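Participant: The structure is given below, and queries will be raised subsequently.
The values are calculated or read from the model by the stated rules, or taken from the named source; none is laboratory data. A quick note: this is a predicted structure, and the numbers were derived from the prediction, not measured. All Cβ positions, glycine included, derive from the backbone under ideal geometry; neighbour counts span all protein chains shown. Remember, those area values only see protein heavy atoms, side chains included, never the ligands or the DNA or RNA. Shrake-Rupley method; radii C 1.70, N 1.55, O 1.52, S 1.80 Å.
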Amino acid sequence: MEAKSSPDLESIGSGTTTKRSSGSRSRIRRDFLTRFTDSERFTENLQDWFGSVSENDKIKPVFEPPFELVELQKFDYALEGVSFQQLTRMPNAVYASTSTSVEANAYLAVEDFLHAAVKSLWEAFWSSQEEEPVPFSVGCLFSENLKFYQAEKALALGRLDGLSATGVLLKNPRHPHGKWDHVLELALLRPEVGSRQPSLPVLGEALFYALRVLISRSVSRLDFSQSANCVFVLLVDLQYGGVVKVEGDVSKLDFDVNNVYDCAADWIKNHSKISVSPIDRIWNKLGNANWRDIGALQVVFATYHSIMQYFGPPRHSIEDLAADHSSRVHSRRQERQLGDTGLNENGMFRLQQRTMSPEIVEVHEEESSKIEPEPLMKLEVGSVLWLEDSNYQKGYQINQVLTNGTLPYHIASPVDEAGKSVFLYVGSPPSQLEPALEDMNLWYQVQRQTKMLSIMRQRGLSSKYLPQLHGSGRIIHPGQCQKPSSGGRCDHPWCGTPILVTTPVGETVSDMVNEGRFGPEEAIRCCHDCLSALSSSSSAGIRHGDIRPENVVYVTSGVRQPYFVLIGWGHAVLEDRDRPAMNLHFSSTYALQEGKLCAASDAESLIYMLYFCFGDLPDLDSVEGALQWRETSWSKRLIQQKLGDVSTILKAFSDYVDSLCGTPYPLDYGIWLRRLKRNLSEDHGKEIETSG
């Protein structure tokens with residue numbers, strides 16, 4: 001597949017001056033690249049810098065990991081149904097030595113590993129049809145001429161000593177030895193990578209090649225608009241591997257062709273962000289790839305991001321593929337007969353404590369049918385749950401069992417405040433055998449949301465349109481707890497299960513719509529109240545990232561004027577590395593394209609929620625289809641017309657949001673909160689409170 005060209009780069013500069021300056025800049029950068037060829041000289045210029053960061057590393061790690069553990073866990077769920085090619089050429093640490101044959105086999109093994117990874121990723125996430133050719137090639141880099149060759153050909157030419165890296169490139173028959181702007185990812189095969197952090201020679205070489213790729217992209221006609229300023233370099237040996245991520249704007253590099261190594265080193269020190277993953281095992285001692293272990297997982301995840309930099313968001317997102325995780329867990333529980341795998345009344349798996357034998361025993365069908373499940377603790381109406389916090393113990397009686405999509409939650413009353421209602425969320429019990437099976441959706445609903453609400457409290461956010469943290473901690477289970485320490489857990493299946501309790505309590509917009517009780521007045525009030533909540537959270541740098549009808553509740557009990565509260569902050573975005581929830585109907589366009597939020601993303605999701613409250617949900621089965629629906633709906637003004645039938649103020653607000661979609665410009669909360677409030681006051685004669 002020949003790489004696509006960027007229409008932006010091809011059309012730059014309609015005037016002569018612009019063309020000349022652009023051409024001059026490109027020539028200077030290409031001249032810089034022709035002189036920037038010696039990684040050892042470059043590394044020498046980083047010695048002082050590396051020494052200083054190594055001193056700091058004794059106190060805390062100076063390089064943050066490129067991926068969060070939660071991201072890797074979700075990616076792991078997505079790969080459960082993805083098959084990776086069985087590798088026939090593998091490194092073998094048992095016979096590791098300095099022999100030529102072992103080193104040659106290692107290069108062949110790395111090439112096979114990368115080819116298997118990109119092939120499986122492409123077919124699982126991007127390919128639109130079976131037997132579609134993979135648009136990548138994998139080749140080894142010969143350091144003398146900085147060209148790429150297939151490992152077998154390079155070895156046949158006797159160039160083993162000159163091989164320095166293995167690259168994943170865009171396939172282009174016109175350039176059989178590759179071009180540097182075609183490089184998606186590089187892997188360095190170096191001995192003894194499996195240490196606490198890469199040594200200066202290894203890290204320096206990784207930074208050298210990363211910078212060459214970034215400069216090459218800056219003068220390329222290819223469209224790396226997804227992330228042109230970022231490149232991943234893999235570090236591998238015969239057993240272990242890790243990821244180095246280099247980010248930075250190369251326009252800040254001083255392209256002095258007479259002083260290339262000092263300039264390049266200065267850019268690394270002052271204008272780049274470097275992330276280094278933990279070093280973990282990729283191959284076992286027999287040379288088999290541990291595809292689903294964290295070492296291989298983070299390397300494959302880096303490859304996934306490298307593909308996405310050029311080809312854009314996949315047709316099938318990680319969230320789409322990970323969504324089948326719970327059903328796969330359920331199937332495995334049935335296959336392994338891990339107790340009664342039916343669902344109890346609240347939609348959660350029944351849990352059963354078993355005594356496991358360390359011996360492998362044969363289980364006959366007739367024997368398995370005689371196994372009777374032990375009594376289980378159930379969450380049903382009338383049950384009392386006790387929560388243990390650092391300072392107190394508190395009981396909650398379950399009054400109602402509800403679901404948010406497929407996730408159970410409850411309306412409860414504190415035992416010592418019988419007239420008060422709270423939302424109670426129960427997390428996934430920590431698994432004793434396979435921690436990776438813990439439900440990620442429950443983790444977001446309970447642990448992550450607890451963190452976000454705690455941060456809101458610490459930062460002094462006060463708005464009645466935001467949920468309030470009433471309590472959080474761990475379940476106190478029936479019977480004697482035998483946990484070894486305050487941070488440990490005993491054998492009881494519920495020991496250590498997290499709980500989150502919030503106020504106020506209300507009815508979801510989803511239920512109101514289903515029962516025909518969500519009219520124009522409610523829509524305007526909902527828009528105002530959610531916008532007020534977003535205004536408050538954005539003042540602390542927090543964005544919601546998961547606005548949908550199930551995450552907005554209407555509070556009527558004990559208040560003079562009913563109001564809406566924006567709940568479900570588990571997917572909130574606080575830092576650049578956070579990722580919002582991906583929803584084909586309610587996610588913003590930018591979230592679907594980039595996996596991130598722009599300034600107006602939450603407001604765009606709010607518009608979609610209001611729109612679908614008065615219309616049917618379209619049948620969307622892919623990110624590509626969802627993006628096409630958004631483009632058509634906005635361009636034909638279908639969204640504005642539908643909301644215009646509800647209220648002129650909502651139509652005006654949707655027009656305003658449309659003008660901001662995908663831009664960095666902030667939303668003017670103040671003016672729209674005043675307009676919405678005035679509209680409610682004039683049209684319906686009801687004053688409402690505005691909080692900023």
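Participant: Restricting to region 459-508, name every residue that is under 24 Å from G541 (Cα atoms), of a type in the set (S, T, Y) and either without any contact (Cβ under 8 Å) to a residue 60 or more places away in the chain or crowded, with 19+ Cβ neighbours inside 10 Å (or both).
Facilitator: Across region 459-508, the qualifying residues are S463, Y465, S472, T502.
Participant: Which of the numbered conditions does Y611 fail, given that it passes all the others? Conditions: (1) modelled with pLDDT of 95 or more; (2) within 19 Å of L584 (Cβ to Cβ); (3) open to solvent by less than 10 Å² (accessible area, probe 1.4 Å).
Facilitator: The number of the failed condition is (3).
Participant: Let me ask you something else. Assess whether S52 counts as being at pLDDT 80 or above and either under 29 Å from the mean Cα position of the chain (by Cα) or under 15 Å from A296 (Cβ atoms) (or both).
Facilitator: Spelling it out, it is not the case that S52 is at pLDDT 80 or above and either under 29 Å from the mean Cα position of the chain (by Cα) or under 15 Å from A296 (Cβ atoms) (or both).
Participant: In region 104-157, what residues are hydroxyl-bearing (S, T, Y) and assigned to a helix (DSSP H, G or I)?
Facilitator: Within region 104-157, Y107, S120 qualify.
Participant: All but one of (1) touching a residue at least 24 places away in the same chain (Cβ under 8 Å); (2) open to solvent by less than 30 Å² (accessible area, probe 1.4 Å); (3) assigned to a helix (DSSP H, G or I) hold for S633; which doesn't?
Facilitator: Going through the list (1) touching a residue at least 24 places away in the same chain (Cβ under 8 Å); (2) open to solvent by less than 30 Å² (accessible area, probe 1.4 Å); (3) assigned to a helix (DSSP H, G or I), S633 breaks only (1).
Participant: How about region 178-257: which strands (runs of 3 or more DSSP E) wholly inside it have at least 2 residues that are open to solvent by 10 Å² or more (accessible area, probe 1.4 Å)?
Facilitator: 240-248
Participant: What pairs come out if I take residues in region 564-579 that are open to solvent by 20 Å² or more (accessible area, probe 1.4 Å) and pair them with residues that are among the aromatic types (F, W, Y) whose C-beta lies under 9 Å away, six or more apart or interchain?
Facilitator: Between residues of region 564-579 that are open to solvent by 20 Å² or more (accessible area, probe 1.4 Å) and residues that are among the aromatic types (F, W, Y), the close pairs are H571/Y444; R577/F67.
Participant: Condition check: outside any helix (DSSP H, G or I) and at pLDDT 90 or above. Does L461 satisfy that?
Facilitator: yes
Participant: Could you grab me the full set of residues in region 487-525 that are assigned to a helix (DSSP H, G or I) and in contact with a Cys (Cβ under 8 Å, 6 or more places away or on another chain)?
Facilitator: Result: V509, V513, A523.
Participant: Now a separate question. Restricting to region 427-446, name every residue that is at pLDDT 50 or above and open to solvent by 50 Å² or more (accessible area, probe 1.4 Å).
Facilitator: Once the filter is applied, which keeps residues that are at pLDDT 50 or above and open to solvent by 50 Å² or more (accessible area, probe 1.4 Å), region 427-446 yields N441, W443.
Participant: Under 7 Å by Cβ, and 6 or more places apart or on different chains, what pairs join a residue from region 95-111 that is assigned by the TED database to the domain that holds E152 with one that is at pLDDT 80 or above and part of a helix (DSSP H, G or I)?
Facilitator: Qualifying pairs under 7 Å: none.
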